[in-house]
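See structure below.
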Amino acid sequence: MNTETQQKQRSTDQLIALLDAADRLPAAVELRELSYRLLGAGPHLSVVDVGCGAGRAVAELAERGPHALGVDPDVRMIAAARGRWPEADLRIAGAYELPLADASMDCYRADKVFHELAEPERALAEARRVLTPGGRIVLIGQDWDTFVVDSDDPGLTRAIVHARADLIPGPRAARRYRNLLLDAGFGGVTLEVHTGVFTGTQMLPALVRLAEGARSAGAVTAEQADSWIGEQRARADVDRLFLALPVFVAAATAPG
């Protein structure tokens, strides 16, 4: 394994660890349960989880009765998912080209995916292609411009949040969910906003990644990033860390 491959694997391992910590939070568990209810996923139905990552939702959906299929473009993510859920149906594929026949799935789910897509309209066209008439779609994600972080330096915090957002292909995709679904021809569109409030140490790694992203973009200096991270660590040590994160949940029905 060469150095570049080792670095990519280490980055994937770190991301999986961060996602695992976030997925175990009560608010995250409630959002997953909400997404399953909005899909109406039950026995004899089929669900594709797009951008399935390490496969937790695929396994949870399969336990509820549907045939659940997970797809992710990251080979390392799929390998990790297969290691955890060896019985799961997991495939390497991206949101633009799903390895599925036309009108072959009853439900489509994408959690923390659309902000990574430069062409969300193309992904929704693909969702329409694979969904049966009347099939259900659920999109979940945060707006990367609306991280609310308590800090002694609000100006630096704004710079860090916005700079990190600008590194993402679609940082404001979540606020567009309703319009994107309507424009793609879906009906019965609903949208909910659930704000997670985090005050413990479990989200400290996410704040560190936020500052490191801003530093890598050149938006803040290394000294500024280190100072901001230091402040957040100190806040966590004395139970004064505060992060609020709005998460958007959209649901709709494919045209008949």
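The values are calculated or read from the model by the stated rules, or taken from the named source; none is laboratory data. Just so it is clear, the structure is predicted and the values come from calculations on it, not from any experiment. Note that each Cβ is placed from the backbone with ideal geometry, even for glycine, and that neighbours are counted across all protein chains shown. SASA here: full protein model, heavy atoms, side chains in, ligands and nucleic acids out. Shrake-Rupley method; radii C 1.70, N 1.55, O 1.52, S 1.80 Å.
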**Request:** Would you check if P255 is more than 25 Å from the chain's Cα centre (by Cα), closer than 29 Å to Y177 by Cβ and either in a helix (DSSP H, G or I) or not small (G, A, S) (or both)?
**Result:** yes
**Message:** One residue is enough: does region 86-107 have a residue meeting the conditions in contact with a Cys (Cβ under 8 Å, 6 or more places away or on another chain) and charged (D, E, K, R)?
**Reply:** no
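Per-residue answers, yes or no, for (1) modelled with pLDDT under 95; (2) not polar (S, T, N, Q):
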{"residue": "V149", "(1), (2)": "no, yes"}
{"residue": "R158", "(1), (2)": "no, yes"}
{"residue": "R176", "(1), (2)": "no, yes"}
{"residue": "D183", "(1), (2)": "no, yes"}
{"residue": "G200", "(1), (2)": "yes, yes"}
{"residue": "A211", "(1), (2)": "no, yes"}
{"residue": "D226", "(1), (2)": "no, yes"}
{"residue": "T253", "(1), (2)": "no, no"}
**Complete:** Per the filter on region 213-237, residues open to solvent by less than 40 Å² (accessible area, probe 1.4 Å), within 21 Å of P171 (Cα to Cα) and assigned to a helix (DSSP H, G or I) are G213, A214, A225
**Prompt:** Within region 23-104, which strands (runs of 3 or more DSSP E) (wholly inside it) include 1 or more residues that are in contact with a Leu (Cβ under 6 Å, 6 or more places away or on another chain) and either of a type in the set (V, I, T) or open to solvent by less than 10 Å² (accessible area, probe 1.4 Å) (or both)?
**Reply:** 46-50, 67-72
**Request:** Go through (1) open to solvent by 50 Å² or more (accessible area, probe 1.4 Å); (2) aromatic (F, W, Y); (3) more than 19 Å from G155 (Cα to Cα) one by one and return the number of the condition F248 breaks.
**Result:** (1)
**Message:** For region 106-124: of the residues being touching a residue at least 24 places away in the same chain (Cβ under 8 Å) and farther than 16 Å from A250 by Cα, which is nearest to the chain's Cα centre (by Cα)?
**Reply:** E116
**Message:** I need every pair where a residue in region 203-231 that is within 23 Å of I16 (Cα to Cα) has its Cβ under 6 Å from the Cβ of a residue that is of a type in the set (S, T, N, Q), sequence separation at least 6 or different chains.
**Reply:** L207/Q232
